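For reference, the structure discussed in these notes is given below.
The values are calculated or read from the model by the stated rules, or taken from the named source; none is laboratory data. Given the structure is predicted, the values throughout are model-derived calculations rather than measurements. Here the Cβ positions follow ideal geometry from the backbone for every residue, glycine too, while neighbour counts run over all protein chains shown.
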Amino acid sequence: MTIVHKDGNIHKNEDELRRWKLPNEIDNPAYVPEEASTQIPIEGISVTDLNTTFFEEVRSSSTQDTNFSILCKLLSKDSTDNSLIHALDEIWKKEFDKGIMHLLDGTIYHRTKHTYLMTVVDRSLLNTVLKECHDSPFT
């Protein structure tokens, strides 16, 4: 086989090199093991110096809002109680139905992508959370 280079618009079709698939062998740079691990490696650890009272304030704010308290009940017992689901406001019901809400240590999280979890907080705490988690010199 002879490879001839052709510049520009003359050569738009695919040549043999682009169609020729390499075998999935260990010496192939794009090798993917057949039995790939299903565990997700830890790629970073974040340490925070936020006071435990701050976390308690976030947790307690969720009990004051009706939608938050219903979500806590639904997520804590992995429930599909239709009466509780129908008691949610429409926007909360849509998010719950997507399966992207999680409850960890009494705090509700919202999954935005497959790797990110964002804390769901009451609107009254929004500025405090943003300041503590982003503007504080200790974060």
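Descriptive notes on the structure:
- Flag if Ser60 is surrounded by fewer than 14 Cβ atoms within 10 Å (Cβ to Cβ), over 24 Å from His134 (Cβ atoms) and small (Gly, Ala, Ser): no
- Where helices (runs of 4 or more DSSP H) sit wholly within the range 24-113, those with at least 2 residues that are at pLDDT 85 or above occupy 66-76, 82-87, 90-98.
- Search result, residues across the range 114-132 that are modelled with pLDDT of 75 or more and either over 16 Å from Ser69 (Cβ atoms) or outside any helix (DSSP H, G or I) (or both): Met118, Thr119, Val120, Val121, Asp122, Leu126, Asn127, Thr128, Val129, Leu130, Lys131, Glu132
- Test: residue in the range 83-106 that is touching a His at 6+ places or on another chain (Cβ under 9 Å) and under 20 Å from Glu56 (Cβ atoms): yes
- Of all residues in the range 84-105, those that are without any contact (Cβ under 8 Å) to a residue 60 or more places away in the chain have Cβ atoms under 7 Å from Cβ atoms of residues that are among the charged types (D, E, K, R), 6 or more apart or on another chain, in Leu84/Lys73; Ile85/Lys93; Ile100/Arg111; Met101/Glu95; His102/Arg111.
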